[in-house]
1. For Asp102, indicate whether it is closer than 23 Å to Phe49 by Cβ, in contact with a strand residue (DSSP E or B) (Cβ under 6 Å, 6 or more places away or on another chain) and modelled with pLDDT of 90 or more.
2. Out of everything in the stretch 155-172 that is in contact with a strand residue (DSSP E or B) (Cβ under 8 Å, 6 or more places away or on another chain) and outside any strand (DSSP E or B), what residue ends up being surrounded by the most Cβ atoms within 10 Å (Cβ to Cβ)?
3. Which ones in the stretch 201-228 are out of contact with any helix residue (DSSP H, G or I) (no Cβ under 6 Å at 6 or more places or on another chain) and closer than 17 Å to Asn18 by Cβ?
4. So is Met152 in contact (Cβ under 8 Å) with a residue 60 or more places away in the chain and of a type outside the set (Ser, Thr, Tyr) or not?
5. Please work out which one of (1) surrounded by fewer than 21 Cβ atoms within 10 Å (Cβ to Cβ); (2) in a helix (DSSP H, G or I) is the condition Leu111 fails and give its number.
6. Counting just the residues of the stretch 202-224 that are in contact with a Cys (Cβ under 8 Å, 6 or more places away or on another chain) and crowded, with 17+ Cβ neighbours inside 10 Å, which one comes out farthest from Leu24 (Cα to Cα)?
7. Does any residue of the stretch 46-53 turn out to be outside the structural domain of Val207 (by TED's automatic domain parsing), modelled with pLDDT under 90, surrounded by 12 or more Cβ atoms within 10 Å (Cβ to Cβ) and not aliphatic (A, V, I, L, M)?
8. Kindly establish whether Ile142 is in contact with a Ser or Thr (Cβ under 9 Å, 6 or more places away or on another chain) and either free of Cβ contacts under 8 Å to residues at least 60 places away in the same chain or among the charged types (D, E, K, R) (or both).
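The values are calculated or read from the model by the stated rules, or taken from the named source; none is laboratory data. Small disclaimer: the values here were computed from a predicted structure and weren't measured. Glycine also receives a Cβ, built like all others from the backbone with ideal geometry; neighbour counts cover every protein chain displayed.
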Amino acid sequence: MNIYHRNFTGIINYFLDNICPPFLRDCKYFIYPLMRLAYGREAKLLLEFKEKFPFMSDSEYAECYRRILNIPLHVKRKTDLNDACVEYILRRAGDITGKILDVGCGGCYVLNRIALANPNLECHGADSVPRTVPCAEGRTPIVVHKADIVDMPFPDHSFDMVICTHTLEHLRDPRKALNELIRIAKRRLIIVVPRQREYRYTIDFHVNFYPYMYSFKRFIGIENAVYLNIKGDFLCCIDFD
């Protein structure tokens, strides 16, 4: 099994969050070797992150991410989603026509999968760096727009389907981001976050945590949405029509 695949790291995260005793989980001497294995020489950055985050500027926060971009965990993992979540998103994109947007799209793995299965969809991405990403099998390249998730540069109801996966857990103001995602979505919005408990040390740069389904539902706040627990991820699908 690929040790960088989300399905495998999900097993590790489950052990750390649910089986490992809290006194060990919050012990830096216990967690540091795992951070070192995942992040190499940047492990110290991760170890100090939770204490420093409240006082970081946006540029300092962005620098943390820049420093870890080339480590194997990020280079070799095509997506932060597990396979079951990807398949769910592909199924729900099957009845969509028009335009789709993936907010925090990264390398556009999910968008590529959607474009291959639905050649008539117009696929767009949103991220911190604007670019054009080649699409597989000669499909139209995916345009990635430069966008701030808390102030999206799109009119209301711009996209028939909006996806935002493994992004809200990183944000200073996830509530404002959620409101923006709802604003620009016309027919459907799918959100995925990791099911994760908050500890002093976590092997990521997450600052928002959703350990239980009720905590995720409380954050989303929409009663008639579909809420699923899919192999370590919480998924919410909201239909607007």
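1. No, not satisfied.
2. Leu168
3. Thr202, Asp204, Phe209, Pro211, Tyr212, Met213, Tyr214, Ser215, Phe216
4. no
5. Status for Leu111: all satisfied but (1).
6. Only one residue fits best here, namely Ile220.
7. no
8. yes
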